[in-house]
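Down below is the structure, laid out as structure tokens.
The values are calculated or read from the model by the stated rules, or taken from the named source; none is laboratory data. Every value quoted in this text rests on a predicted model; they were computed, and no experiment measured them. No Cβ is skipped: glycine too gets one built from the backbone with ideal geometry, and neighbour counts run over all protein chains shown. Keep in mind that these areas ignore ligands, DNA and RNA; they rest on the heavy atoms of the full protein, side chains included. Shrake-Rupley method; radii C 1.70, N 1.55, O 1.52, S 1.80 Å.
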Amino acid sequence: MTENQQKHYRALELDKVLAMLAEETSCSDAAAMARAIVPQSDLETVRTLLQETDDAYRLVGSFGSPSFGGLNGCENSLRRAAAGGTLTMGELLRISSLLHGMRALIEWRRHSEGMATCIDWRFDALCQNKYLEEKIDSAILSEEEMADNASPALNDIRRKIRGASGRVREQLDKMIRSSAYQKYLQDPIVTMRDGRYVVPVKAECRGEIPGLVNDTSASGATVFVEPMGVVEANNEIRVLQAKEKTEIERILTELSAEAGSFADAIIDGYHNALELNVIFAKARLAYKMKASMPSMNDEGRIAFKKARHPLIDPAKVVPTTVELGASFDTLVITGPNTGGKTVALKTIGLLSLMAMCGLLLPVSDNSEASVFTRVLADIGDEQSIEQSLSTFSAHMTNIISIMKTVDPHSLVLIDELGAGTDPVEGAALARSILENMRTSGCRIAATTHYAELKAFALQTDGVENACCEFDVATLCPTYRLLIGVPGRSNAFAISERLGMQPEIVERARELLSTENTRFEDVVRKLEQSRQELENEKQLIASLRREAAEAAAQLARQKEEQERFRQNEMEKAKVEARNLTARTRAQAEALLAELEELRRNKEAVDSGKARAGLRAGIRAMEEASDPVAQRRSNDGYRLPRELKKGDTVLIFDIDKKASVLSAPDRNGMVEVQAGIIKTRVPLTNLRLVEEKKKTEPLRHVATRNIRSKAAAPVKTEVDLRGKTVEEALVDLDRFLDSAVLMGIGLVSIIHGKGTGTLRSAVQQHLKAHPSVKSFRLGVYGEGENGVTIAELK
């Protein structure tokens, strides 16, 4: 990248965005790589860069950001190790840390599988060498300390050093505790000087303790004496320490050689890790900017929707929509100072450069950006109400330089074109510059105050006006860029609002040329019409949103109602199944009881039996029909008097029946519905006229009924005299009937005998799913001849 390109990029503040990106990285090398990013002009390269960032963006959103801890620059150390050099313990630990960091990245990607991305190959290219990592970590404890188990020889040497040191200290400890020597010692302690154990002796008593003087205190009052008894032991320690140092050097050389053999793979993996760090830094920056990926082209077509300048406070920035290169190649932006013209210009250039660097853009979805071979800018630095631009000559020097390098794939951005000189000459020069640049086929965006350039944009195909909206009522810019609308300076309106005398403003209007006045009137009317259309558009959008919300709410309510209906249907089906099962069980029980009554009709009071049966039938009818009975007083009149044999409909329960007798004086009619005979009020009957005479109703319940439940109304079963197999079959039938009838406690008579039947029954009860518990009978219940079972 040339110095001239850097100047243009700095004018658009790309360096500040790259500095923000560098802050998102995890190490100095990655930060330097981020700051050194250069915009790319090849379309496929830019698309690949953007796709990498977008894939990282999706991975971060789904699995969180990976950790890049442990990345550090070890390339020089690895190159030196590959050349045969010996690395320090600190350098080897940094290599281990790098290997651990790359292994952690590989593990993170493995745990986030299921989402294929275009950066997977970078994870595959990372170096994973757990063997070397663990070998270094097990041998080196810190930058200054080697582990004892780094080698057997080192472990043996250090064990001997500890033994010799222990013996020396033990001998010196005896000396300093001895009353014969304590009076000569400055302090009763053992210390070290130059790696040798000594004791502090008073200077005047140095001759009282035979030994070597190794050191003297700064005051001269203390001499550090190595007693003759420990000189040999100290010598042994020094020899062992020299061996220790040699062994450590040998281990470091060995580890360095191991690291050097993997140098190329580790360095390549490190470079890929740095690339990944920068890519994920782009993703994190995109999250902070609430950015999205634009579609790219190389045709100079730009469409930034709700674009936000990334360097302006997100709480204050006003989104703006910018278009260029589709239906027009030149955009002339006008409006008052501090209205946002320069910000709009920088937004176009900066977002284009960011896209070419592979950065997601702070724009809405479906935005579009283009790659350019050159992005050329002549933009002043000052952004205050007072105009403070560079001199006219410097301004023209920049534009001349731009005109020399511009080509069909360039984007040119010029702030205050033609300013700094006579307005008439400046406007003419500005128009001529635009015309000349357009012949090269480049894309141009320029800001100006000149009315002549507004007219030029109106009259020239491919040139479009734009303005930064300004609210005259509040004297504040809205910072919205309006494409297709020429801006007004609003000088007269602003002056009046600030309190200038009306006659002065009016005189100024008179001094304006008629042509300028007409032009300003046209612009004013256009602006007024635009604002009215904008208000109507906002109203329509609001109504559409309300309609969409109402439709969505209606759809939600419909869905909830359908879900409620389905739930109620399921509940009703479950209840109906349960009801059917209960009714069937009760019907079988009643039929079985009826059969029992027929067999024992001499022994049973038939009147009470019939009354009990009718009560059971009525209870069964009520239980089997949960639907509320229909009202019979609907004004219906029988077409004729009922007679025996007529077919009628019992209205409230919607069942057909046959008339058994004529109505009595109380208006009650005896009818038969199926096997059930009952008396029904005359008003609850409807005559059924049948074309064919139906067959007489058959009493199906009175013939050859074999109920599977053996007398289910009973609470006991007698199994005496049966084989075990027969008894267990009858027991199962009895228990099933009891469960259907809701009986909680039953008695099983098996007799005492040999106990075989009792044992078989109790073993069967243990495994029966309907039996909660059981016990033998007590006195009065049959004792050991009866088992009492409690059902669930």
When the Kirkwood hydrodynamic radius is evaluated over all pairs of different C-alpha atoms of the chain, what value in angstrom, to one decimal, is obtained? 39.6
How large, in percent, is the carbon and sulfur part of the accessible surface of the chain at a probe radius of 1.4 Å? 51
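If you place +1 on the Cβ of every Lys and Arg, -1 on the Cβ of every Asp and Glu, and leave all else neutral, what size is the dipole of the stretch 21-65 about its Cα centre, to the nearest 20 Debye?
60
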Over what distance in Å are the Cα centres of the stretch 224-284 and the stretch 735-770 separated? 82
Nitroxide proxy distance, nm - points 7 Å out along Cα→Cβ at Val688 and Phe63: 7.2
Karplus (6.51, -1.76, 1.60) ³J(HN,Hα), θ = phi - 60°, over the stretch 112-123, in Hz, Gly and Pro reported as x: 9, 5, x, 10, 6, 9, 7, 9, 4, 5, 5, 5
Work from the charge dipole of the chain (Cβ charges, +1 for Lys and Arg, -1 for Asp and Glu, about the Cα centre) and give the residue of Ala125, Gln538, Ala263 farthest towards its positive end. Gln538
Measure nothing but the geometry: give the 0 to 90° angle between the long axis through the Cα atoms of 502-511 and the longest principal axis through the Cα atoms of the chain, rounded to 10°. 70
At R0 = 35 Å the Cβ-Cβ FRET efficiency linking Ile400 and Lys537, nearest 0.05, sits at 0.20
With R₀ set to 30 angstrom, the calculated FRET efficiency between the beta-carbons of Arg637 and Glu596, to the nearest 0.05, is 0.10
So Ala576 and Ser178, fully extended at 0.36 nm per residue minus their Cα-Cα distance, gain in nm 132.9 nm
Run down the aspartates and glutamates and flag those whose C-alpha is under 18 Å from the C-alpha of Lys722, throwing out any fewer than 8 positions away in its chain. Asp730, Asp732
At 0.36 nm per residue, and after removing the present C-alpha to C-alpha distance, how many nm does the segment from Leu212 to Cys118 gain when stretched out fully? 26.5 nm
Leaving out ligands, DNA and RNA but keeping every protein chain, what accessible area does Tyr287 have, in Å² rounded to the nearest 10, with a 1.4 Å probe? 90
Among rounded, prolate and oblate, which fits the stretch 13-161 when a ≥ b ≥ c are the square roots of the eigenvalues of its C-alpha gyration tensor, a/c under 1.5 means rounded, and a/b larger than b/c means prolate? prolate
Please turn the phi angles of the stretch 422-432 into ³J(HN,Hα) values with the Karplus equation 6.51 cos²θ - 1.76 cosθ + 1.60 (θ = phi - 60°), one per residue in order, whole Hz, x for glycine and proline. 4, x, 5, 5, x, 5, 5, 5, 4, 5, 5
Descending packing, highest mean Cβ count within 10 Å first, for 113-124, 67-78 is 67-78, 113-124
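What 222 nm value per residue comes from the helices of the chain, counting each DSSP H run with n ≥ 4 as -39,500 (n - 2.57) and dividing by all residues, nearest 500 deg cm²/dmol?
Calculated from helices alone, the mean residue ellipticity at 222 nm is -16500 deg cm²/dmol.
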Helix 341-356 axis, angle to the chain major axis (alpha carbon atoms, nearest 10°): 80
How far, in degrees from 0 to 90, does helix 228-261 lean away from the longest principal axis of the Cα atoms of the chain, to the nearest 10? 80
In 5 Å bins starting at 0, how do the alpha-carbon pair distances of the stretch 15-69 split up by percent? 4, 17, 18, 26, 24, 10, 1
Nonlocal amide H pairs with Glu716, under 5 Å, H built at 1.01 Å: Ser747
Mean Cβ neighbour count within 10 Å, used as a protection proxy, ranking 401-412, 299-310 highest first: 299-310, 401-412
With the cut-off at 28 Å, tell me which of the pairs Lys183/Lys243; Lys16/Lys305; Lys290/Lys341; Lys305/Lys537; Lys282/Lys404; Lys135/Lys160 have Cα atoms farther apart than that. Lys183/Lys243; Lys282/Lys404
Simple spin-label estimate for Thr421 and Ala587 in nanometres, 7 Å along Cα-Cβ: 10.9
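Provide the net charge surrounding Asp461, with neighbours chosen by a C-beta distance below 14 Å and charges set as Lys +1, Arg +1, Asp -1, Glu -1.
Neighbourhood net charge equals -2.
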Peptide ranges 357-366, 638-647 listed from the most packed, as the mean C-beta count within 10 angstrom indicates: 357-366, 638-647
